[in-house]
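Chemist: Mind having a look at this structure? Questions to follow.
The values are calculated or read from the model by the stated rules, or taken from the named source; none is laboratory data. No experiment lies behind these values; they were computed from the predicted model shown. Note that each Cβ is placed from the backbone with ideal geometry, even for glycine, and that neighbours are counted across all protein chains shown.
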Amino acid sequence: MEFAHPAIVVLIAVIVWWLSTGLVLAMVHRTERGGWGPGQVMPVMTLFGGAGIGLMWFGAGEVTPLGSYAGFFGALLVWAWHEAAFLTGVLMGGRAGECPPSLAGFARFRAAWEAICDHEIAILITGFALWFALADRPNLFGLAAFGLLWGMRISAKLLIFFGAPNAVSELMPRRIAHLKSYFKTDRLTPLFYLLMAGAVSLFILLVFWAHRATEDHSVVGHSLLATFMALAILEHLVLVLPVSDTALWRWAVPGRVKHATDKQP
């Protein structure tokens, strides 16, 4: 099998995205069922995160398809640690509880920031640390992947704060359910069109660079980035369109999804 072929790269990227997201949700879901607590989940995720840093370091030094794969999937493992820390409520912010209904404008934005600031600062520190550790190495697709995940996360958070009709998901853990009070679901923000224009433009550029690449490691790296950019665009669309992401990861949170479905009229 030719692992540098763009079709194979796209297939691998989609499978890893679907599986990694589901596994993080499954582990977080265990903390809600009482099987494990955050104190048991986060040490396991820290091992994965440490392995991710190792993969990123290895991949950054290998100008080969393996190096691009290693760096990219290492970035996903590091990102998975941050996602688990956020979804379990271990790393969020100093503000607890729901958003007061009376808050509006900048006061509401500030309250939302205070509710998640520790997590955002942790991602910022991680990003700078990875940059200083890897910036002088020859294969930076892992670092680019972390930057892409970071940028699209900020984009998604701005979208659900300013207005996304379908932002509330059945997959959202109960420990952070109070954050729903900061969402705007009564309208679609005009910012959506600007965010989508930027995302689609970057996707087109990544596809172009993948097509023009002459070295296998560059074909793999740009194809991985383009695929995840496309998946990020899809996730943004799910936030605003009347569709559900539940079916994709029903296997990861079966009890939670059933419980939510039973409550619907």
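Chemist: State whether one or more residues within region 98-107 are in a helix (DSSP H, G or I), without any contact (Cβ under 8 Å) to a residue 40 or more places away in the chain and crowded, with 16+ Cβ neighbours inside 10 Å. Step through it out loud before you land on a result.
Modeler: Initially, region 98-107 is screened for residues in a helix (DSSP H, G or I), giving 105-107.
Adding the requirement that they be without any contact (Cβ under 8 Å) to a residue 40 or more places away in the chain leaves 105-107.
Within this subset, residues satisfying the condition of being crowded, with 16+ Cβ neighbours inside 10 Å are none.
No, region 98-107 contains no residue that is in a helix (DSSP H, G or I), without any contact (Cβ under 8 Å) to a residue 40 or more places away in the chain and crowded, with 16+ Cβ neighbours inside 10 Å.
Chemist: Just one of the numbered conditions (1) within 24 Å of PRO6 (Cα to Cα); (2) part of a loop (DSSP other than H, G, I, E, B) is not true of HIS217; which one?
Modeler: (2)
Chemist: How about region 143-178: which of its residues are touching a Phe, Trp or Tyr at 6+ places or on another chain (Cβ under 9 Å), outside any helix (DSSP H, G or I) and more than 20 Å from PHE109 (Cβ to Cβ)?
Modeler: Step one: list which residues in region 143-178 are touching a Phe, Trp or Tyr at 6+ places or on another chain (Cβ under 9 Å), which gives 143-150, 152-153, 159-164, 167-168, 171, 176.
Checking which are outside any helix (DSSP H, G or I) leaves us with 163-164, 167-168, 171.
LEU171 - this is the single residue of region 143-178 that is touching a Phe, Trp or Tyr at 6+ places or on another chain (Cβ under 9 Å), outside any helix (DSSP H, G or I) and more than 20 Å from PHE109 (Cβ to Cβ).
Chemist: Could I ask something else about it? Could you pull out the residue among PHE146, PHE208 that is among the aromatic types (Phe, Trp, Tyr), under 23 Å from ILE8 (Cα atoms) and surrounded by fewer than 19 Cβ atoms within 10 Å (Cβ to Cβ)? Step through it out loud before you land on a result.
Modeler: Values: PHE146 fails: surrounded by fewer than 19 Cβ atoms within 10 Å (Cβ to Cβ).
Selected residue: PHE208, the only one of PHE146, PHE208 that is among the aromatic types (Phe, Trp, Tyr), under 23 Å from ILE8 (Cα atoms) and surrounded by fewer than 19 Cβ atoms within 10 Å (Cβ to Cβ).
Chemist: Would you mention how many residues in region 33-54 are buried (at least 16 other Cβ atoms within 10 Å of the Cβ) and within 21 Å of the chain's Cα centre (by Cα)? Working first, answer last.
Modeler: So the first thing to find is which residues in region 33-54 are buried (at least 16 other Cβ atoms within 10 Å of the Cβ), and the list is 36, 38, 41-42, 45, 48-49, 52-53.
Within this subset, residues satisfying the condition of being within 21 Å of the chain's Cα centre (by Cα) are 38, 41-42, 45, 48-49, 52-53.
Of the residues in that region, 8 qualify.
Chemist: May I pose another question? Can you confirm whether GLY163 is at positive phi and either within 14 Å of the chain's Cα centre (by Cα) or not polar (S, T, N, Q) (or both)?
Modeler: Values: at positive phi: yes; either within 14 Å of the chain's Cα centre (by Cα) or not polar (S, T, N, Q) (or both): yes.
So GLY163 fits the description; yes.
Chemist: Is there a residue being crowded, with 19+ Cβ neighbours inside 10 Å, closer than 24 Å to ALA129 by Cβ, of a type in the set (Gly, Ala, Ser) and at pLDDT 90 or above anywhere in region 17-26?
Modeler: No, region 17-26 contains no residue that is crowded, with 19+ Cβ neighbours inside 10 Å, closer than 24 Å to ALA129 by Cβ, of a type in the set (Gly, Ala, Ser) and at pLDDT 90 or above.
Chemist: Kindly list the number of the only condition in (1) over 24 Å from GLY50 (Cβ atoms); (2) crowded, with 20+ Cβ neighbours inside 10 Å; (3) of a type in the set (A, V, I, L, M); (4) within 18 Å of the chain's Cα centre (by Cα) that fails for MET172.
Modeler: For MET172, the failing item is (2).
Chemist: Is it the case, given these coordinates, that TRP57 is aromatic (Phe, Trp, Tyr), surrounded by fewer than 22 Cβ atoms within 10 Å (Cβ to Cβ) and modelled with pLDDT of 95 or more?
Modeler: Yes, satisfied.
Chemist: Now for a separate question. Where the second residue is aliphatic (A, V, I, L, M) and buried (at least 24 other Cβ atoms within 10 Å of the Cβ) and the first is without any contact (Cβ under 8 Å) to a residue 60 or more places away in the chain and lies in region 58-75, which pairs have Cβ atoms under 6 Å and are six or more apart or on separate chains?
Modeler: PHE58/ALA70
Chemist: Take region 193-214 and flag every residue that is of a type outside the set (Phe, Trp, Tyr) and over 18 Å from the mean Cα position of the chain (by Cα). Full working, then the answer.
Modeler: Within region 193-214, the first condition is being of a type outside the set (Phe, Trp, Tyr), and the residues that meet it are 194-202, 204-207, 210-214.
Residues satisfying the conditions are LEU194, ALA197, SER201, ILE204, LEU205, LEU206, VAL207, ALA210, HIS211, ARG212, ALA213, THR214.
Chemist: Also, I was wondering about something else. Is there any pair with a first residue in region 179-203 that is part of a helix (DSSP H, G or I) and surrounded by 15 or more Cβ atoms within 10 Å (Cβ to Cβ) and a second that is of a type in the set (Ser, Thr, Tyr) and at pLDDT 95 or above whose Cβ atoms are under 6 Å apart and which are 6 or more apart or on different chains, and what are they?
Modeler: Note: pairs meeting the criteria are LEU195/SER155.
Chemist: Okay, moving on. The conditions are (1) of a type outside the set (Lys, Arg); (2) surrounded by fewer than 19 Cβ atoms within 10 Å (Cβ to Cβ); (3) more than 21 Å from the chain's Cα centre (by Cα), and PRO65 fails exactly one of them. Which is it?
Modeler: It fails just one condition, (2).
Chemist: Anything in region 39-95 that is of a type outside the set (S, T, N, Q) and not in a helix (DSSP H, G or I)? List them, or say none. If you could, list the steps in order and put the result at the bottom.
Modeler: Going residue by residue through region 39-95, those that are of a type outside the set (S, T, N, Q) are 39, 41-45, 47-63, 65-67, 69-87, 89-95.
Across region 39-95, the qualifying residues are GLY61, GLU62, VAL63, GLY89, VAL90, LEU91, MET92, GLY93, GLY94, ARG95.
Chemist: Looking at this structure, is ALA122 in contact (Cβ under 8 Å) with a residue 40 or more places away in the chain, under 22 Å from THR227 (Cβ atoms) and outside any loop (DSSP other than H, G, I, E, B)? Even if it seems obvious, please write down each step before you answer.
Modeler: Numbers: in contact (Cβ under 8 Å) with a residue 40 or more places away in the chain: yes; under 22 Å from THR227 (Cβ atoms): no; outside any loop (DSSP other than H, G, I, E, B): yes.
Criteria not met by ALA122.
Chemist: Considering region 135-149 alone, what residues qualify as being hydrophobic (A, V, I, L, M, F, W, C) and over 21 Å from the mean Cα position of the chain (by Cα)? Full working, then the answer.
Modeler: Going through region 135-149, the residues hydrophobic (A, V, I, L, M, F, W, C) turn out to be 135, 140-141, 143-146, 148-149.
Scanning region 135-149 gives a single hit, ALA135.
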